[in-house]
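Notes follow once the structure below has been shown.
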Amino acid sequence: MMICVIWAVMWTTLPVFKASDGTAYALHGPQGAPAVVLIHGLGLSSQFWEAHLPALSARYRVLTYDLFGHETSAAAREDLSLKVFSEQISGMLQETALGPAHLVGFSIGGMINRRFAMDHPDMLRSLVIVNSPHDRGTDMQAAVEERARKALDKGAMATMAAALDRWFTPEFLTSGTDAPARVTDWRLAADPVSYGQSAWVLAHGVRELIRPSPAIRHPALVITCENDTGSTPDMSHEIASEIAGAQSLIVPKLKHLGMMEDPEAFTAPILKFLNAQPFS
């Protein structure tokens, strides 16, 4: 528990910068080390990564940021799309002069980093795609689109109660954890229009990532949880099959927000993968 408290204090005292497009970001770890960009999910926050940062930033220059219209980032100047989110990262990498980076993306973040690989292959070292959707099939696609319509019409909280049950195991939800409250606060902090548009991107953006063209040729690790009903193991295997040489990993028992429930189950394989890439 003490570690968690210390991490929270560290997070709140980090200097936060603003890019020219209004993106709020922070930098962690040794200057000059290979860059890692962490991309959070829909309705979340860059604080989503706080349990993973000590290990990652010990070896890498880590950039955390808020998606457009989330937490402390400004809304985008145009309607949101995977392309717009991809350009958000490109702009930060150019302004910070971090050079080519490893991109670790959770959920919609794993869609954004795939889009970035297609748009800016020269700015990318490798991809880690975590709990991210792919071809959903007719029934699941219809359900996701319906949730996106609710978000557009009724706001970010319209689907929250059901979402918590999809995201966390029952044991974790009854353990006294503050994770559900934090996730709720992050969603409430999102700009309503940006959240609704982002939900629509999450629903429809997968179509431009199936059998990606141009092909993604970078090293890739694809991770999901055994009981993630929205980003299933089959989807992760399918994503990996469409990226030459990609690895896939299924974390047992957990659901969509397993990264919050058991951070080490993700940090360890992510670090193992990153450390296996050329360091220079």
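The values are calculated or read from the model by the stated rules, or taken from the named source; none is laboratory data. In this text, all values refer to a predicted model and were calculated from it rather than measured experimentally. Reconstructed Cβ throughout: ideal geometry from the backbone, glycine too, with neighbour counts over all protein chains shown.
Hey, could you check the range 154-173 for residues that are assigned to a helix (DSSP H, G or I) and at pLDDT 95 or above and say which is farthest from GLY43 (Cα to Cα)? Quick ask: steps written out before the conclusion?
Just the residues of the range 154-173 that are assigned to a helix (DSSP H, G or I), to begin with: 154, 156-167, 170-173.
Now drop any that are not at pLDDT 95 or above, which leaves 167, 170-173.
Details: TRP167: 13, PRO170: 21, GLU171: 23, PHE172: 20, LEU173: 19 Å.
Among residues in the range 154-173 that are assigned to a helix (DSSP H, G or I) and at pLDDT 95 or above, the one farthest from GLY43 (Cα to Cα) is GLU171.
Select, from THR64, THR96, the only residue that is closer than 27 Å to ALA276 by Cα, among the polar types (S, T, N, Q), modelled with pLDDT of 95 or more and buried (at least 19 other Cβ atoms within 10 Å of the Cβ). Don't jump to the end; show me each part of the working.
Details: THR96 fails: buried (at least 19 other Cβ atoms within 10 Å of the Cβ).
From the options THR64, THR96, the qualifying one is THR64.
For the range 108-149, which residues satisfy the criterion of being of a type in the set (Ser, Thr, Tyr) and closer than 15 Å to HIS40 by Cβ? Break it down stepwise before answering.
The initial filter retains those residues of the range 108-149 that are of a type in the set (Ser, Thr, Tyr), namely 126, 132, 138.
Within the range 108-149, just SER132 meets the criteria.
Pick from the range 251-261 the residues that are over 16 Å from the mean Cα position of the chain (by Cα) and surrounded by 17 or more Cβ atoms within 10 Å (Cβ to Cβ): which of them is farthest from TYR60 (Cα to Cα)? Steps first, please.
Applying the first criterion (over 16 Å from the mean Cα position of the chain (by Cα)) to the range 251-261 yields 251-254.
Add one more test, that the residue is surrounded by 17 or more Cβ atoms within 10 Å (Cβ to Cβ), and what stays is 251, 254.
On the way: VAL251: 24, LEU254: 27 Å.
By that ranking, first place goes to LEU254.
Taking the condition assigned to a helix (DSSP H, G or I) and at pLDDT 95 or above, does GLY105 pass?
Criteria not met by GLY105.
Taking SER231 as the residue in question, decide whether it is farther than 25 Å from PHE68 by Cα, surrounded by 21 or more Cβ atoms within 10 Å (Cβ to Cβ) and under 15 Å from the mean Cα position of the chain (by Cα).
On the way: farther than 25 Å from PHE68 by Cα: no; surrounded by 21 or more Cβ atoms within 10 Å (Cβ to Cβ): yes; under 15 Å from the mean Cα position of the chain (by Cα): yes.
Spelling it out, it is not the case that SER231 is farther than 25 Å from PHE68 by Cα, surrounded by 21 or more Cβ atoms within 10 Å (Cβ to Cβ) and under 15 Å from the mean Cα position of the chain (by Cα).
I'd like the full set of residues that are under 21 Å from LEU249 (Cβ atoms) and either surrounded by 18 or more Cβ atoms within 10 Å (Cβ to Cβ) or of a type in the set (Gly, Ala, Ser) (or both), limited to the range 126-141. Full working, then the answer.
Filtering the range 126-141 down to residues under 21 Å from LEU249 (Cβ atoms) leaves 126-136.
Across the range 126-141, the qualifying residues are SER126, LEU127, VAL128, ILE129, VAL130, ASN131, SER132, PRO133, HIS134, ARG136.
Looking at LYS272, LYS253 in this structure, which one is on the phi > 0 side of the Ramachandran plot and modelled with pLDDT of 95 or more? Before the answer, list the steps.
On the way: LYS272 fails: on the phi > 0 side of the Ramachandran plot.
When all the criteria are applied, what remains is LYS253.
If GLY176 meets every condition in (1) more than 18 Å from TYR65 (Cβ to Cβ); (2) among the small types (Gly, Ala, Ser); (3) part of a helix (DSSP H, G or I) apart from one, which number is that one?
(3)
Checking the condition of a type in the set (Val, Ile, Thr) and over 17 Å from the mean Cα position of the chain (by Cα), which residue from ILE243, ILE223 passes? Talk me through it step by step, then tell me what you get.
Numbers: ILE223 fails: over 17 Å from the mean Cα position of the chain (by Cα).
Among ILE243, ILE223, only ILE243 is of a type in the set (Val, Ile, Thr) and over 17 Å from the mean Cα position of the chain (by Cα).
If we keep just the residues of the range 129-153 that are in a loop (DSSP other than H, G, I, E, B) and out of contact with any Phe, Trp or Tyr (no Cβ under 9 Å at 6 or more places or on another chain), which is nearest to TYR195 (Cα to Cα)? Lay out the reasoning, then the answer.
As a first pass, look at the range 129-153 and keep what is in a loop (DSSP other than H, G, I, E, B): 131-137.
Now drop any that are not out of contact with any Phe, Trp or Tyr (no Cβ under 9 Å at 6 or more places or on another chain), which leaves 133-137.
Values: PRO133: 18, HIS134: 20, ASP135: 22, ARG136: 21, GLY137: 24 Å.
Out of the qualifying residues, it is PRO133.
Collect the residues in the range 202-217 that are buried (at least 19 other Cβ atoms within 10 Å of the Cβ) and out of contact with any helix residue (DSSP H, G or I) (no Cβ under 6 Å at 6 or more places or on another chain), keeping them in residue-number order.
Narrowing the range 202-217 to residues buried (at least 19 other Cβ atoms within 10 Å of the Cβ): 202-203, 205-206, 209, 216.
Within the range 202-217, VAL206 is the sole residue that qualifies.
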